[in-house]
Each structure stands twice: as structure tokens, then as C-alpha cells.
1. Suppose we filter 120, 78 for residues that are surrounded by 15 or more Cβ atoms within 10 Å (Cβ to Cβ) and modelled with pLDDT under 80; which single one remains?
2. Please indicate, with yes or no, whether at least one residue in the stretch 193-205 is more than 17 Å from residue 140 (Cβ to Cβ), in contact (Cβ under 8 Å) with a residue 60 or more places away in the chain and part of a helix (DSSP H, G or I).
3. Name the pairs whose Cβ atoms lie under 6 Å apart, with the first residue in the stretch 335-357 and in a loop (DSSP other than H, G, I, E, B), the second of a type in the set (Asp, Glu), and 6 or more positions between them or separate chains?
4. Is it true that residue 286 is assigned to a loop (DSSP other than H, G, I, E, B), at pLDDT 85 or above and not acidic (Asp, Glu)?
5. If only one of 343, 313 is farther than 17 Å from residue 271 by Cα, open to solvent by 80 Å² or more (accessible area, probe 1.4 Å), of a type outside the set (Asp, Glu) and modelled with pLDDT of 90 or more, which one is it?
6. Restricting to the stretch 143-172, name every residue that is at pLDDT 95 or above and under 20 Å from the mean Cα position of the chain (by Cα).
7. Could you figure out which of (1) surrounded by 14 or more Cβ atoms within 10 Å (Cβ to Cβ); (2) modelled with pLDDT under 85 isn't true of residue 86?
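The values are calculated or read from the model by the stated rules, or taken from the named source; none is laboratory data. None of these values were measured; they are calculated from a predicted model. Quick reminder, even Gly has a Cβ in these numbers, built from the backbone with ideal geometry, and neighbours come from all protein chains shown. Ligands, DNA and RNA are excluded from the accessible area calculation, which covers all protein heavy atoms including side chains. Shrake-Rupley method; radii C 1.70, N 1.55, O 1.52, S 1.80 Å.
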Amino acid sequence: RLISRIEESLPVVTCRIDPQGTVLNSWKAVWVVLSEDGVEFYKKKTDRSPKGMIPLKGATLISPCQDFGKRTLVFKITTEKKQDHFFQASHVEEREFWVKDIKRAITCLQGGKRFARKSTRRSIRLPDAVNLNELYLLMKDQDDGVKELKLEQENRVFNHCFTGATVVEWLISKEKARNRPEALMLATGLLNEGFLQPAGDLSKEGAESAEQTSFLDETKALYYFADSGFFCEGYSSDEDVLLKEEFRGNIVKQGCLLKQGHRRKNWKVRKFILRDDPAYMHYYDPTKGDDPLGSVHLRGAVVTAVEFVPDAKKYDIDGNLFEIITSDEIHYFLQAATAEERKEWIKAIQAVSKSGK
């Protein structure tokens, strides 16, 4: 799961701006680190010094930013000196994580406080005996957990989600909480720790509130499991429904990875979207449009962690490598940001390759 946290970097896309503040509309993939008082960006994650730093003291943030037409995943940071900086995430959930943490950092600077993620137990006084990870696994049980549904709201379809009221009622019915206030406290703990994510505008507003219980016990507040296949889509015309077969599967995982080219053997940041049934992984240039550069059919594919890549220059390799070998014997070499991220991608691809068509 890709999230933005203090001193943790992620590949996102930034729009270049000249010293006079004119948008040059030249989008580059960069590595971004959120620190206590600024946003640093690097050409690649192995660089020791950043290409630039955006101070957050006195800054404002706008999301979503509509300045670039079809680029729907853009957010804008305006510094105290009125200089604009534009960033584009690889998917909606990633953008929301970045926006949430950057806004919190700005608020902390305004109040003279140090930016840090909230401690769930301190903020809402969860009992020490509560194990949120175990509770989350129970909630995800296919037979006895919270059911993931396709729900429609405000001309949008939310796939693999559920309402806040459903979560609260499940906690009470399974005797995990004695009453609604206690269930609401547990649900807020799951939300604050990232196990549950807000899906719609109402639930996102609740998560951004300063209230102790930021989880909403309402039928119109939508949420989803952090590692589910959640995605949101607008109503489609008849022509839009006729999608290619390989795009019909549910989204299992998405995010940015480094991919080695087949010809020049150079490494570039690519956005990957993994789908099941049928089992495909499409990859995109995150600096350009929505059309994929290519796809990998994963049915019967083999994926393993590797420590060595043929024809790779030493300075291009920073660990966390893995290889996909398709049923047609095509080899793909990829590099994740962290060892944990590599593990998550391998696990997800292995599951899809076995179960997908």
C-alpha cells in the first residue's frame, strides 16, 4: 500500500515551473519526500540531495486541481511567496494520502507543532487489549465479515465498498463492541491506522475533521478495505461499456514501480494497474495520458524476488527487484521502492496469476 508519511518517499509526477512562475507544462516523474516543514523532490530515489524543496510554512493546498483538463489526479501547493507547484499522483487513493498528510504538516507549522501521524490509542483511548490487525482480518472474512458491495452515489459507482453504518452494526453484532459509541471508537481506530479508507466526499470530510471520532456512523458515508480492489467510476455511455476484455477485471493493486526496458535496458518510472479475471497488469507513462504503454498477461506467469538483473548498470540497481516470467517466456524486471512493497506486489501478482483467466 502506497501512502505518504514523514521521511518516506514515493514516485509522483511534478509539473515544471520557471523562476517567473510560468507553467511550462513539462511533466517529470520524481521521487518526493514529505518532511516536517517541506516537500523535497529528487530525480531518483537513490540521489543524496534533492532537486528542490517546497517550504510548507504559510503554504496552501488545493485538491483536486482542475488547471490541466484531463489530468484529474493533480493537486497544487502554493507557497507563502505565491509560487505554484503542481503534483500528480498515480491514482486517487494515493493522491488523497498525500493531500491528507501535507495538509496536516501545514496545520502543524501554523500552530507551532511538530508534524507526526496521530496515535490512535492516545487520541481516542483504545483499550490495550484491542488488536486492530486481528479485528481487520475478521472484518475481511469472505463468509462472516463485512460485505463489499457496488454502491451508487452522486452519479458515481463505488466498487468494493460499504457504509459506515454497516461497519458499526457488524462490530456490535459480532460482540466486538457493546454499543454504537464503542463501535464508533473502534471504527475510528481502524480508519486512523489506515486499515479502512474513506471512499466518498462525506467520509473524506469526516476523516479530515478535528473530531475525536472521525469515522461516520451513517448510511451515506462510504468506506473500503485498504488492500481491496476498490475503484470509483462515473456513469458510462453504452459505447464506454464495450471495453476490451483485458480491462474488465477488478483492480487488485496499483502504484508506481521502476521498469527495465526490453531494448535499451534503461529504468523508468511506470504506473502499474493489476487486474484479475482476466489476469492482466497494464503499465503507463505517469507523465502522459491514460493510454497504456503495454500489458502483461499474468495467467500462468511466475514471479520471484531477484537480486541481480542481466544487462543492468550497477548504479541503476538499488535492491527490491523482482522478475515476472509470462507463460510465453517473456521476462519483465521491476524495482519497488521498499522491501515491503516488493513483497506486496509479488504476493498480489502470484494470487492473480493462479486465479485469473
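1. On inspection, the qualifying residue turns out to be 120.
2. Looking for residues that are more than 17 Å from residue 140 (Cβ to Cβ), in contact (Cβ under 8 Å) with a residue 60 or more places away in the chain and part of a helix (DSSP H, G or I), one finds at least one in the stretch 193-205, hence yes.
3. 356/276; 356/277; 357/277
4. No; evaluated as a whole, the condition is false for this residue.
5. When all the criteria are applied, what remains is 343.
6. 162
7. Only one criterion is unmet by residue 86, namely (2).
For (1) surrounded by fewer than 19 Cβ atoms within 10 Å (Cβ to Cβ); (2) small (Gly, Ala, Ser); (3) not in a loop (DSSP other than H, G, I, E, B), each residue gets a yes or a no:
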residue: 246; (1), (2), (3): yes, no, yes
residue: 263; (1), (2), (3): yes, no, no
residue: 269; (1), (2), (3): no, no, yes
residue: 275; (1), (2), (3): no, no, yes
